[in-house]
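The values are calculated or read from the model by the stated rules, or taken from the named source; none is laboratory data. Values in this document were obtained by computation on a predicted structure and should not be read as measured data. Here the Cβ is made from the backbone with ideal geometry for all residues, glycine too, and neighbour counts use every protein chain on show. Calculation scope for accessible area: heavy atoms of the full protein, side chains included, ligands and nucleic acids excluded. Shrake-Rupley method; radii C 1.70, N 1.55, O 1.52, S 1.80 Å.
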Amino acid sequence: MKDRRPLLELLARLRAVRRSCLETERSHADMLDQLARAEADAPQAGAPGPMAGAAASARNLLHYLALRSDDLRDLHEPLAAHGLSSLGRAEAHVLANLDGVIAALECLTRTPEEAEGGVAPVSLRDGREILERRAQSLLGASRAPGDSGAGVRIMVTLPGEAAEDAGLVRRMLDAGMTCARINTAHDGPRAWERMCRLVRAESARAGVACRILMDLAGPKIRTGPIEPGPRVLRIKPGRDALGQVVSPGEVILRAAHDAPGEEPRALPVDGDWLHALRTGDVIELRDARGRRRTLAVEVSPTRAGEARGVVRARTTRTIYVRTGTVLRLRTPDGREPRATVGPLPPTQQAIVVRPGDPLVVSFDAPAGRPASDGGAAVITCTLPQAFARCRPGGQVWFDDGRVGAVIVHVGVGCLELRVTTAARDGSKIRADKGINLPDTDIPVRGLTPEDVEVLPLAAAHADMIGLSFVREPADVDDVRARLRDLGAPGVGVVLKIETSHAFERLPALLLAALHAPAAGVMIARGDLAVEVGYDRLAEVQEEILWLCEAAHVPVIWATQVLESMAKEGRPSRAEVTDAAMGERAECVMLNKGPFIVEAIELLGTVMRRMLDHQAKKRSVMRALAVARRFSGRA
């Protein structure tokens, strides 16, 4: 007879794990009772409402946290060797999975034992149904075009043009957009409201559902303004790899008394002098470097309704024109009528830093400034209070991790840094770029005063509110209370996990989210990668997926999905693989770009193909064409 000791040891280990799950559940009995009461009080009209199963989901999450508190890697192989579940896909139904394995081991060892009772655990089927119901409540139904099988949810960040261009919104809907995201860190209330109205109108016209997420900007720390640079305009021709001119540099000339309009590359000059210009005229000047340069004039034909044609000037050499530059017109009769370039807008400066450079973050200076006369460059910031707990040795990252620094000294009204990560020939830090403090506990609440101002409009027009830089369960409670006060308690809440602190607090955040009628999580991988480190991002996003599945909370997979496709019209191989990984979430988000419609179509195709093979971590075992061909069954 086979030695039963290894199986008995496995059984003892799993019984201990089960007891730990129940102990963790008991330690949170008050919270579970509160959820159960809220679930019972929630209106139920026939089908289970979005609150249904909230207590069961919280209980399952607690069981999963207990399960993952121990290192169980040594159990996988012996369990699999006996044809038993290795617990590697137990997220959505922890106790049911444990009970099934324990029951099988009891049969194999002939040692039955009456297990401690309690509330019936979430089954495999229950877990899937609760998660899908929550996903539909928050994100709407998935969409499968025609009879193509599996459906997908695709969220798209709307560009500013979507406030005016109904055709663009229609094309995105036709391509497969199921959720529209409005980022309230950009544009303004009028544009946001128009975007919402266009999405509602076009989705109704197309007969497809489309949810709207309005993302609150949250307490994001950004670089402040930088002192303006000189009032100069560079006119530069295009060159090939050999330095040969392939396209001339071009500038528009306009009358100085005219409004600047939307043309940034324009030289303001005297109107009478401008109107005397003809195609073929040559303008001579000395540029800001004292170099002789010429511009060839071309006057476009006047169109109906226009007083005069547009005047352009072209060059095959680089020219730096500044305010006050004298332009001389060369004429056949030898006269040289002159004009002076009027006020040009100041150039936007960037601060250039290299590894080892000193850098100061000032809380008092009105604007940042580049290094000069041996002094360190200065950066200003929004939310100075976020730096209150910074300490020497802490990391500071700028612009999505492009520049890194370490805190050398905490001064009065400033931080003194040393740049540790930058390009050897210099990296640029510009105004309004993100700052991350991964080693610092930031004493800033989730809702800013600006967010509170935006909330009434968002509550009136959106289906979901994106809570950016969420940190504590109190942030979730705060936004839910404000939505109730605004008469919009059913508006969903999406927790954006984009800091290491939020990731560490994720179990508590999920338990708070289960009190909401509709809630989800967005894995905001841009800031998150900077916060936790690129070397940890892959495992962190996996852990977020596991914890959310254990809580039956839907996930939005976000940041830089098919970014090259959306911006340049062609994806990278790595981006396609990343997009396929998004199948494990309930929704995938794309950012805006000139090729966004094509990106939506490609993402839908990739995800539908993957859904034929995979559901979360579970292979669905669709027949493989390559296997059928090999066996002669194709």
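Data overview
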{"quantity": "Candidate set: the stretch 418-442, residues that are assigned to a loop (DSSP other than H, G, I, E, B), in contact with a Gly (Cβ under 9 Å, 6 or more places away or on another chain) and closer than 15 Å to residue 353 by Cβ; chosen: the one most open to solvent (accessible area, probe 1.4 Å)", "calculated": "431"}
{"quantity": "Residue 406 vs. criteria within 24 Å of residue 534 (Cα to Cα), free of Cβ contacts under 8 Å to residues at least 24 places away in the same chain and open to solvent by 20 Å² or more (accessible area, probe 1.4 Å)", "calculated": "yes"}
{"quantity": "Candidates 162, 141, 175, filtered to the one that is open to solvent by less than 50 Å² (accessible area, probe 1.4 Å), over 19 Å from the mean Cα position of the chain (by Cα) and not β-branched (Val, Ile, Thr)", "calculated": "175"}
{"quantity": "Some residue of the stretch 402-417 being farther than 12 Å from residue 361 by Cα, hydrophobic (A, V, I, L, M, F, W, C) and part of a strand (DSSP E or B)", "calculated": "yes"}
{"quantity": "Residue that is nearest to residue 448 (Cα to Cα), among those in the stretch 365-386 that are touching a residue at least 40 places away in the same chain (Cβ under 8 Å), open to solvent by 70 Å² or more (accessible area, probe 1.4 Å) and out of contact with any strand residue (DSSP E or B) (no Cβ under 7 Å at 6 or more places or on another chain)", "calculated": "385"}
{"quantity": "Subset of the stretch 43-76 that is farther than 30 Å from residue 15 by Cβ and open to solvent by 20 Å² or more (accessible area, probe 1.4 Å) - its residue that is modelled with the highest pLDDT", "calculated": "43"}
{"quantity": "Strands (runs of 3 or more DSSP E) contained in the stretch 211-251 and holding at least 1 residues free of Cβ contacts under 8 Å to residues at least 60 places away in the same chain", "calculated": "245-247"}
{"quantity": "Segments classed as helices (runs of 4 or more DSSP H), wholly inside the stretch 487-546, with at least 2 members that are surrounded by 24 or more Cβ atoms within 10 Å (Cβ to Cβ)", "calculated": "506-513, 525-532"}
{"quantity": "Candidate set: the stretch 387-401, residues that are open to solvent by 30 Å² or more (accessible area, probe 1.4 Å) and either touching a residue at least 60 places away in the same chain (Cβ under 8 Å) or part of a strand (DSSP E or B) (or both); chosen: the one farthest from residue 221 (Cα to Cα)", "calculated": "395"}
{"quantity": "Checklist (1) without any contact (Cβ under 8 Å) to a residue 60 or more places away in the chain; (2) buried (at least 19 other Cβ atoms within 10 Å of the Cβ); (3) among the small types (Gly, Ala, Ser); (4) outside any strand (DSSP E or B) applied to residue 180, failing item", "calculated": "(4)"}
{"quantity": "Residue list for the stretch 77-114, restricted to those being in a loop (DSSP other than H, G, I, E, B), open to solvent by 60 Å² or more (accessible area, probe 1.4 Å) and more than 15 Å from residue 546 (Cβ to Cβ)", "calculated": "82, 83, 110, 112, 113, 114"}
{"quantity": "Residue check for residue 445: basic (Lys, Arg), under 30 Å from residue 516 (Cα atoms), open to solvent by 20 Å² or more (accessible area, probe 1.4 Å) and out of contact with any Leu (no Cβ under 7 Å at 6 or more places or on another chain)", "calculated": "yes"}
{"quantity": "Residues of the stretch 463-478 satisfying the condition of being under 18 Å from the mean Cα position of the chain (by Cα) and not basic (Lys, Arg)", "calculated": "464, 465, 466, 467, 468, 469, 470"}
{"quantity": "Unmet criterion (only one of (1) under 27 Å from residue 351 (Cα atoms); (2) surrounded by 15 or more Cβ atoms within 10 Å (Cβ to Cβ); (3) touching a residue at least 24 places away in the same chain (Cβ under 8 Å)) for residue 203", "calculated": "(1)"}
{"quantity": "Residues of the stretch 557-609 classified as open to solvent by less than 60 Å² (accessible area, probe 1.4 Å) and touching a residue at least 24 places away in the same chain (Cβ under 8 Å), total", "calculated": "34"}
